[in-house]
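These notes are about the structure you will find just below.
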């Protein structure tokens, strides 16, 4: 499989890790859109996007959201943060491996598009 995030999860491509366990990897985005911009991915390619969440993989997604809360606390995002996932071409998803962006560290723009 020629998936960028699978290669990052396998250690084939370097990343600045923020968190890692058996299931999840979180790392700093190389093109940050906020003072704190962290990507959170499942290590296993369980879905291409949020459109592919199923009963079989939803426990991993739930675990990811537990980790997002942990990372937000550790990053000092006490005043708030945004979690974004892009699903499909019209949403400008660039990597077909389900992932979530944590954005924070300051006042975010109201308009998303």
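The values are calculated or read from the model by the stated rules, or taken from the named source; none is laboratory data. Nothing here was measured: the structure is a model prediction, and the numbers come from that model. Cβ atoms come from the backbone with ideal geometry, glycine included; neighbour counts cover every protein chain shown.
Below, the figures for the structure above:
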quantity	calculated
The stretch 97-113, residues that are buried (at least 17 other Cβ atoms within 10 Å of the Cβ) and closer than 25 Å to residue 48 by Cβ	97, 98, 99, 100, 101, 102, 103
Filter result (surrounded by 13 or more Cβ atoms within 10 Å (Cβ to Cβ) and more than 13 Å from residue 68 (Cα to Cα)) within the stretch 36-55	43, 44, 45, 46, 47, 48, 49, 50, 53
Unmet criterion (only one of (1) in contact with a strand residue (DSSP E or B) (Cβ under 7 Å, 6 or more places away or on another chain); (2) assigned to a loop (DSSP other than H, G, I, E, B); (3) more than 16 Å from residue 34 (Cα to Cα)) for residue 95	(1)
Strands (runs of 3 or more DSSP E) within the stretch 8-72 that include 2 or more residues more than 23 Å from residue 91 (Cβ to Cβ) and modelled with pLDDT of 95 or more	17-20
In the stretch 73-92, the residues that are assigned to a loop (DSSP other than H, G, I, E, B) and touching a strand residue (DSSP E or B) at 6+ places or on another chain (Cβ under 7 Å)	75, 77, 80, 85
Filter result for residue 16 (under 26 Å from residue 73 (Cα atoms), surrounded by fewer than 18 Cβ atoms within 10 Å (Cβ to Cβ) and touching a helix residue (DSSP H, G or I) at 6+ places or on another chain (Cβ under 7 Å))	no
Filter result for the condition that a residue is more than 13 Å from the chain's Cα centre (by Cα), under 21 Å from residue 30 (Cβ atoms) and surrounded by fewer than 12 Cβ atoms within 10 Å (Cβ to Cβ), over 92, 77	92
